[in-house]
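Visitor: Take a look at this one; I'll ask things after.
The values are calculated or read from the model by the stated rules, or taken from the named source; none is laboratory data. Quick caveat, the model's predicted, so the values are computed rather than measured. Cβ sites come from the backbone with ideal geometry, for glycine too, and all protein chains shown count toward neighbours. Protein only, heavy atoms only, side chains kept; ligands, DNA and RNA dropped before computing areas. Shrake-Rupley method; radii C 1.70, N 1.55, O 1.52, S 1.80 Å.
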Amino acid sequence: MARDTLDDRRIDSRDTLVEWIAAGCKPRETWRLGTEHEKFPFRRADHGPVPYEGAAGIGRLLENLEARIGWEAIHDGAAIIGLADPHGGGAISLEPGGQFELSGAPLADVHATAAELARHLADVGAVAEPLGIGFSALGTSPKWTLAETPVMPKSRYRIMANYMPKVGTRGRDMMFRTSTVQVNLDFASEADMVAKMRVGLALQPIATALFAASPFLDGRPSGFLSTRSEIWRDTDRHRTGMLPRAFEADFGFASYVEWALDVPMYFVKRGETYHDVTGTTFRQFMAGALAERLPGVVAEMGDWVNHVGTLFPEVRLKRYIEMRGADCGPAAHVAALPALWVGLLYDPQALEAASQLVADWTAEERQALRDRVPATALATPFRDRSVREVAREVLAIARAGLVARGRIDPASGHDESRFLDPLDEIVASGKTLAERLLADFHAHGGAIDRVLDATRM
């Protein structure tokens, strides 16, 4: 997240929060997609992590990128921590361990997403090259220990890092050593949101398997194909997971708000100050629980927007829906993720087919998939077949959905379905990127530096 929200409108009731989400409903003809991805910077000379400080650090990288692309600098105190497109497009931000994130603009199709990504990588590469910095596209940083990982100068991250050990064993690993790609999608109505949330949650483990690209941690194989996904299983049970209530008969905007109200907060921001309020739920905050600690501070819409952005279920609801289950990977995978979900969710026939596919999956089956996929990815058994076979069916539905959309790139003459080709190749071979990286690692005597070079964007 590039910039936290300041909105001093006072919250009158729970209904205000429900209305805030409902305001995200959009006519189908205005639907867009926004793609976000993170990547790990490393020093090309010695494959070490890149600190924030110094003449060749992350801070200097951001300053040079600001000069190149003309986006507005975002600061936390004196430190530059991100850039924002002044024309309302995307943003660039830093994750806790220096992961360099592009939050893409809302765009009309996957062709535009691929073009946006190409421009971003060209701009970042132009300023990173003279500084000796490369970027690795993996779901976890493969080499450095947690102690060796740099810490970015963002106030909210200090609060989170102190809180994480109280609610799980892997929260700091999640913060400092994981990277993802996600896509943000629109919905037309409450019913449309419910259908998309259910398909997204049920099929999120299938996406995790397809995009598995994090088999290393601490310089060696971790025993998982998506170590990032495994780390999330013990980060903070209050705000993560498969969101079972999404499959209850009465699920809707109000139900999601009820869940979010009872998740402990991280912070309240007033001016440029972040106040640590960990352990207090938003419902308690609205009821005055912070009155003594923060005199005169009452719940405002900015607090709610910031709070909702610190909830981490496998599929997150704001004024749009966020698909969160994939490891970061090469540029082709960054474009493949929006293609997958747009194909499944933006065409009515495809959404119906996907809904029918998962309609009789039980809560226990969905959770079992979530628990097992990080280790075995496509080989994970499901009923009388494997996740690989399910993924093949899912990709066929997504491809049909993209063809039906008929969004043609004038330059190439292709529709969006071409962006699924890397995923079709993974299913055809039965080998994820993680497995290919492991094979190369072992074939070359366990050279972890080779992994960083091989996954350079």
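Visitor: Under 8 Å for C-alpha pairs, at least 6 residues apart: give me the relative contact order for region 209-297, rounded to a whole percent. Numbers along the way, then the final one.
Guide: Numbers: 70 pairs, mean separation 12.4, N = 89.
Across region 209-297, relative contact order equals 14 percent.
Visitor: Quote the charge dipole size of the chain about the Cα centre in Debye, to the nearest 20; the model charges only the Cβ of Lys and Arg (+1) and of Asp and Glu (-1). Before the final figure, lay out each step's value.
Guide: Numbers: 52 positive and 62 negative charges, 141 e Å.
My answer is approximately 680 debye.
Visitor: Figure the gain on full extension for Arg32 and Thr5 (residue separation times 0.36 nm, minus the Cα-Cα span) and round it to one decimal in nm. Intermediate results must be reported in sequence, preceding the final value.
Guide: Details: separation 27, 0.36 × 27 = 9.72 nm, distance 2.18 nm.
Taking 0.36 nm per residue and subtracting the Cα distance, the gain is 7.5 nm.
Visitor: Counting DSSP beta bridges in region 193-330, what percent are antiparallel, to the nearest 5?
Guide: Numbers: 10 of 13 bridges.
The antiparallel proportion sits near 75 percent.
Visitor: Under the rule of at least 5 residues apart or a separate chain, name every residue whose amide H is placed under 5 Å from the amide H of Thr180.
Guide: Glu38, Cys328
Visitor: From the phi angles alone, apply the Karplus equation (6.51, -1.76, 1.60; θ = phi - 60°) to region 135-144 and give each ³J(HN,Hα) in whole Hz, x where the residue is Gly or Pro.
Guide: Here the 3J(HN,Hα) series is 10, 9, 9, 9, x, 9, 6, x, 10, 7 Hz.
Visitor: How far is the Cα center of region 1-36 from the Cα center of region 50-81, in Å?
Guide: Going from one Cα centre to the other spans 29 Å.
Visitor: Starting from the amide H of Arg32, placed 1.01 Å from N in the peptide plane, find each other amide H under 5 Å away whose residue is 5 or more places distant or on another chain.
Guide: Asp186
Visitor: Please give, to one decimal in nm, the separation of the simple spin-label points placed at Arg319 and Asp234, each 7 Å out from Cα toward the Cβ.
Guide: Each label point lies 7 Å from its Cα, and together they span 3.9 nm.
Visitor: Using only the Cα atoms of the chain, build the gyration tensor, take square roots of its eigenvalues as a ≥ b ≥ c, and label the shape rounded, prolate or oblate: rounded if a/c is under 1.5, else prolate if a/b is larger than b/c, else oblate.
Guide: rounded
Visitor: About its Cα centre, what dipole magnitude does region 25-139 give when the only charges are +1 on Lys and Arg Cβ and -1 on Asp and Glu Cβ, stated in debye to the nearest 20? Can you show the working numbers first?
Guide: Working: 9 positive and 16 negative charges, 45 e Å.
Here region 25-139 has a charge dipole of around 220 debye.
Visitor: My understanding is that a pair violates if its Cα-Cα distance is over 26 Å; which of Lys154/Lys318; Lys269/Lys318; Lys39/Lys318; Lys26/Lys154; Lys39/Lys431 do that in this structure?
Guide: Values: Lys154/Lys318 23 Å; Lys269/Lys318 19 Å; Lys39/Lys318 24 Å; Lys26/Lys154 34 Å; Lys39/Lys431 22 Å.
Among Lys154/Lys318; Lys269/Lys318; Lys39/Lys318; Lys26/Lys154; Lys39/Lys431, the Cα-Cα distance tops 26 Å for Lys26/Lys154.
Visitor: Where in the chain are the DSSP H helices whose alpha-carbon span along the long axis reaches 18 Å or more and whose Kyte-Doolittle mean is at least 1.0?
Guide: Details: long enough: 110-128 (26 Å, 0.73); 190-210 (29 Å, 0.74); 331-345 (22 Å, 1.77); 363-376 (20 Å, -1.17); 387-405 (27 Å, 0.66).
Span-like helices, by this rule, are 331-345.
Visitor: Whenever you get a sec, compute what percent of the accessible area on region 85-209 sits on carbon and sulfur atoms (1.4 Å probe). Could the numbers behind the result be given before it?
Guide: Details: 2030 of 3600 Å².
The computed percentage sits at 56.
Visitor: If you don't mind, another one. Collect residues whose amide H, placed 1.01 Å from N in the peptide plane, falls under 5 Å from the amide H of Arg407; neighbours closer than 5 in sequence don't count.
Guide: Long-range HN contacts for Arg407: Glu416.
Visitor: May I pose another question? Residue separation times 0.36 nm, minus the C-alpha to C-alpha distance between Arg293 and Asn64: what's the value? Can you show the working numbers first?
Guide: Values: separation 229, 0.36 × 229 = 82.44 nm, distance 4.08 nm.
Extra length available between Arg293 and Asn64 comes to 78.4 nm.
Visitor: Right, here's the next one. Taking the full set of protein chains and a 1.4 angstrom probe, give the accessible area of Arg324 in square angstrom, rounded to the nearest 10.
Guide: Around 40 Å² of this residue is reachable by solvent.
Visitor: Hey, another quick one. Subtract the Cα-Cα distance of Cys25 and Thr278 from 0.36 nm times their separation in residues, and report this length gain in nm to one decimal.
Guide: Here the answer is 87.9 nm.
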